[in-house]
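Contents: one structure, followed by commentary.
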Amino acid sequence: MNALNSKKLILIAAVAISAPLAGCIGGSASKTEPVSPLAPRVQELVDANSHYPRWEDFPAAPTDLPPVAQVAANAQRLQNDSATLNSEIARIDWTLTDPEALAAETAAAVQSVPVSPDAARTQADIEAFAQSLRDRAKAPPPLDRRPTQ
């Protein structure tokens, strides 16, 4: 008895789902309104482009690819180079023996480069300039629109 009810529900669900989809079957064909003044031109464009894209219009697969063995060899070479570089980096003594000398060298290098006037501005100069722009951007006071007697 219950199996009969579930079969009926499945049939009702199938009809309910397929009924709205049945309206989509004829919707894919492109048709132009025959009374429209642009109908001949639209139909001409549709007919001219109805077969595009064709398989011949796609580019061919590349034929000049390197063999798989060569790609594998290149990948292995890169991995070996990476391992060699990591071992060379590990051998470097990264301790800083004289920090004052490094600071003096860096300060001398910075002082030898000319500085533009814009870069030489202090934080106070920048804040004063920004405040002057804010002051200029304030709207004027509103006009008194009351009638004068």
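Some observations on this one:
- Asp64 being modelled with pLDDT of 75 or more, surrounded by fewer than 10 Cβ atoms within 10 Å (Cβ to Cβ) and under 39 Å from the mean Cα position of the chain (by Cα): yes
- Checking Ala101, Ala73 one by one, the residue that is surrounded by 10 or more Cβ atoms within 10 Å (Cβ to Cβ) and more than 38 Å from the chain's Cα centre (by Cα) is Ala101 and no other.
- Residue in the range 67-75 that is at pLDDT 90 or above and part of a loop (DSSP other than H, G, I, E, B) present: yes
- Only one of Ser36, Ser6, Ser18, Ser116 that is hydroxyl-bearing (Ser, Thr, Tyr), surrounded by 10 or more Cβ atoms within 10 Å (Cβ to Cβ) and modelled with pLDDT under 90: Ser36
- Hits in the range 29-66 - residues which are part of a helix (DSSP H, G or I) and of a type outside the set (Lys, Arg): Ala39, Pro40, Val42, Gln43, Glu44, Leu45, Val46, Asp47, Ala48, Trp55, Glu56, Asp57
The values are calculated or read from the model by the stated rules, or taken from the named source; none is laboratory data. This structure is a prediction, so every number in the text was calculated from the model and none was measured. Every residue, glycine as well, gets a Cβ built from its backbone with ideal geometry; the counts of neighbours run over all protein chains shown.
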